[in-house]
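**Student:** Take a look at this one; I'll ask things after.
Rule-based calculations on the coordinates, nothing more; no lab input. Small disclaimer: the values here were computed from a predicted structure and weren't measured.
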Amino acid sequence: MEKQLSIVVPVYNEEANVLPLAEEVRNAFSDRQLNYELIFVDDGSDDCTWEKIIQARSMDPRVRGLRHQKNGGQSAALWTGILASTAPVIATLDGDLQNEPADLPKLLEAMDGCDFVCGVRKKRQDDWLRRVSTKVARKARHWVLKVDFCDTGCAVRVFKREVLKGLFPFNGIHRFLPVLVHSTGARTKEVPINHRQRIAGVSKYGLHNRLWRGIYDLIAVAWYQRRRIGEIPCVECEDHAAAA
């Protein structure tokens, strides 16, 4: 049977979170007749994350594991998972258990009449640096790109595979995916979701690779949006000789 949903989860040194996350995904869809695959992408972890993915696979054949031979970053891991996925609808989650897989069915329901649904963390369980960085980044995006998404940093998303047509991967795409998809004319929607404190592992983000890196990427995305060639209506000449 063909897969209906592919759930992509990039992970880096998240050995304590892989098995609980896989279990939460199972529970989220336990009462639904949905054929899904759960794709963990190990981004070159140096702990036992890969072994935990193998264990999760042995417990549930719907789990798939992909492993980068070196660390490439969250965007690279996300794109690897997307390319390997097989379903017409794709969902994404962070691997730190701060996202609740139980929110995915709600986002799937919101897909009615929509192409791309992204979560909005209403009660963020993060430190002050992350919250401030998010506010600054939102204002900067709105000012530069003239589009306002509440929480593009939220990894909980559900979207049709077709909305990725014409996009290209770059280091930082995971932050701007809703903006880029919206710019193609796709129908987008934001849905409030839950957010939890991290209870295992450590955050991979700080001031340098969150706030300043985000602003740097914003400049690049703004340049791309201005230089991008969209579809231009055209007509084809008729074969008058053949018509005669």
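**Student:** Amide H neighbours of residue 63 under 5 Å, counting only residues 5+ apart in sequence or on other chains, H built in-plane at 1.01 Å?
**Tutor:** Correct list: 38.
**Student:** Quick one: which residues, 5 or more positions from residue 48 or on another chain, have an amide H under 5 Å from its amide H? H modelled 1.01 Å from N in the peptide plane, none for Pro or chain starts.
**Tutor:** Amide H neighbours of residue 48: 15.
**Student:** My understanding is that a pair violates if its Cα-Cα distance is over 26 Å; which of 52/106; 3/52; 122/165; 123/189; 70/106; 3/70 do that in this structure? Walk me through the intermediate numbers first.
**Tutor:** On the way: 52/106 28 Å; 3/52 23 Å; 122/165 30 Å; 123/189 19 Å; 70/106 35 Å; 3/70 29 Å.
Too far apart for the 26 Å limit: 52/106; 122/165; 70/106; 3/70.
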